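Structure record follows, encoded as structure tokens.
The values are calculated or read from the model by the stated rules, or taken from the named source; none is laboratory data. Given the structure is predicted, the values throughout are model-derived calculations rather than measurements. Cβ coordinates were reconstructed from backbone atoms using ideal geometry, including for glycine residues, and neighbour counts include every protein chain displayed.
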């Protein structure tokens, strides 16, 4: 074993069940803020493009940039956690997220770009660390906590998708204020974490095992590719579904309501999917079903008659929500302990979100004229076929094969 000094990897003792409940609430409040930056920009994309004179390529880049940051910054999470402790790292990085959201709301292109990078990097690191805390502190209720975690992620996204445009109207058409307002729930989560985390982060000098062979493990790559491909769908929904619906002729607020409602249904599916999946002998066929629901719903939103749009939005919401949560749950379910979960989480999210960023980027490049989605549909269908294969493989009941020294 290595003699690295790390903190807070041993499960703390809870003197009262309420302590554990409040700790769970802290995790959920932080998770709520990890997706608000994505649909809030998508909802205002036409207004921001007009205000800043953005080309379609630059708008696609800004849509893709936070997803790309998720992949680029995720590998730093384990090192920061080893040096500072998981809880303290999240506390510091939450402040970086607050700064990033504020910069996005300055109304300037430079602030939008820098703020997006800071916010995306902060989200990347917290994304990696929260599943480790779930594995460590909620080992008896992994399915429930994984569901609540994913539900909080998409709950924040749903509320951001549905309220950003009304907020812009409330601020008299000022899109920058509508972006900056999302700093409020981030500050609340940061303050709540401030009062909670010292009770759960007593420094413990312990031996940190070194994990070897993870990047050579076939199952680890199957779980990672599952995250790559589902990310392509998830972030395309956040960034492009609202503009697509508006280009199909749906009114601005109707499109916002449809996207918000679809993402809200994702929160319900997110909660239920891990609870159901963890009770099955394996998750292979479950993964296949949720992929099919997702692709059918999304393509239906792009090409089905407009009077049926709510049907396809519902199907998309249920499928995408279940797909997102089960992809996150795979990290925990395929890890034998907390140390493996942290390393697998880093691998899955760095590669998964890094390459998943090409999904919304490709969609933006393929979508060249309003109302013509055939190239986008072909691309999404190809992604779905690959997703079915790796989802079936990743769903098999086994642990990643690693050497712990």
Exercise. Which one of the conditions (1) crowded, with 18+ Cβ neighbours inside 10 Å; (2) more than 18 Å from residue 391 (Cβ to Cβ); (3) within 20 Å of the chain's Cα centre (by Cα) does residue 314 fail to meet, given that it meets all the rest?
Worked result: (1)
For this session: Those residues that are buried (at least 24 other Cβ atoms within 10 Å of the Cβ) and farther than 14 Å from residue 337 by Cα, I need them from segment 131-147; list them, please.
Result: 145, 146, 147
Problem set entry | Residue, surrounded by the most Cβ atoms within 10 Å (Cβ to Cβ), within segment 254-273, restricted to residues that are within 11 Å of residue 165 (Cβ to Cβ) and touching a residue at least 60 places away in the same chain (Cβ under 8 Å) | 259
For this session: Only residues that are closer than 14 Å to residue 245 by Cβ, surrounded by fewer than 17 Cβ atoms within 10 Å (Cβ to Cβ) and in contact with a helix residue (DSSP H, G or I) (Cβ under 8 Å, 6 or more places away or on another chain): list them for segment 274-310, please.
Result: 303, 304, 308, 310
For this session: Output the helices (runs of 4 or more DSSP H) that fall wholly within segment 75-146 and possess 2 or more residues being within 30 Å of residue 54 (Cβ to Cβ) and at pLDDT 85 or above, or say none.
Result: 86-104, 109-137
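Only one of these is closer than 27 Å to residue 60 by Cα and part of a helix (DSSP H, G or I): 342, 386. Name it. It would help to see each step written out before you state the result.
On the way: 342 fails: closer than 27 Å to residue 60 by Cα.
Going through 342, 386 in turn, just one is closer than 27 Å to residue 60 by Cα and part of a helix (DSSP H, G or I): 386.
Of 113, 103, 109, which residue is touching a helix residue (DSSP H, G or I) at 6+ places or on another chain (Cβ under 6 Å) and over 18 Å from residue 186 (Cα atoms)?
Numbers: 113 fails: touching a helix residue (DSSP H, G or I) at 6+ places or on another chain (Cβ under 6 Å); 103 fails: over 18 Å from residue 186 (Cα atoms).
The unique qualifying residue is 109.
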